[in-house]
Amino acid sequence: MKVIPGIAILVISLISMDLHATSSPYCGELINVHDYIEGDKQFLKIVEQHHFTSNVESLRHGNSGTLGAELSYTLMLFPNHHRALAALGKLSLRDKVLKPTGAKYSVGCFFDRAIRFKPNDALVRMVYGDYLLKAGQTDKATEELGIAIDLEPENPTINYNLGLLYLKQKNYEQAKTYAKKAYELGFPLPGLKNQLKQAGKWDE
């Protein structure tokens, strides 16, 4: 099982929202940026200590500015910072705005930048798919999660999230297929299995 250090489990909510995620026509050049996975770990640690604290990630409050500003600063330096992308998406959905206060760009732009920087980063695609699904853009969410699973077919969290997406669409066979794969790969949460059982679509 492939494990990416420091990535919290990202579980897709089955409650969609009407907030639409759209990318700006221009989302800035990628200058002086660093890879979240393979970049300078000491520099990453410094940035996170000052701008991506536990309070920022949990959307309680910023450290030296607004939540949008803190997340924006982190993502301007590390465009594919998976946890910061996830937090920015949650902030956008919570506050029902595409460009949170203090952010340099819209949420769509930050995902655009992450994908341009690392188009084959499966977790960027997964986090984006999660955000799109919650924003009510199921077709685009399916596309991004499809890319994610093609890039990392043995990732248990991506399989689980795809299972949740297909469950939401009432495509129970596909949901069960991805659920079984996720559990075979060691995914720990029983929520998807339980919901399939409730729908009468699960067999051991």
³J(HN,Hα), Karplus 6.51/-1.76/1.60, whole Hz, each residue of the stretch 73-89, x for Gly, Pro: 4, 4, 6, 5, 8, 10, x, 9, 6, 4, 5, 5, 4, 4, 5, 5, x
Among ASN80, ASN155, ASN120, residue whose mean-square fluctuation peaks in a GNM of the chain (springs only between Cα atoms under 10 Å): ASN120
Rg/Rg_globular for the stretch 23-84, with Rg_globular taken as 2.2 N^0.38 Å and Rg from C-alpha atoms: 1.11
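Calculate, for SER64 and ASP139, the FRET efficiency according to 1/(1 + (r/R0)^6) with r their C-beta to C-beta distance and R0 30 Å; round to the nearest 0.05.
FRET efficiency, SER64 to ASP139: 0.20.
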Stretch in the chain that is longest and holds no trypsin sites (Lys or Arg not before Pro) that DSSP places in a loop and that have at most 14 other beta carbons within 10 Å: 97-169
Residue among ILE115, ILE31, ILE158 with the largest mean-square fluctuation in a Gaussian network model of the chain, springs linking Cα atoms under 10 Å: ILE31
Normalised contact order of the chain, rounded percent, pairs of Cα under 8 Å and 6 or more residues apart: 22
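List the pairs from LYS45/LYS193; LYS45/LYS176; LYS140/LYS180 whose alpha-carbon separation is above 32 Å, in the order I gave them. List each step's numbers first, then the result.
Values: LYS45/LYS193 37 Å; LYS45/LYS176 39 Å; LYS140/LYS180 24 Å.
With Cα atoms farther than 32 Å apart: LYS45/LYS193; LYS45/LYS176.
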Virtual spin-label span in nm between GLN169 and ASP95, 7 Å along Cα→Cβ: 3.2
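Here, each number is a calculation from the coordinates, and none is a lab measurement. Keep in mind that this is a model prediction, so the values were computed, not measured. Neighbour counts run over all protein chains shown; Cβ positions are idealised from the backbone, glycine included.
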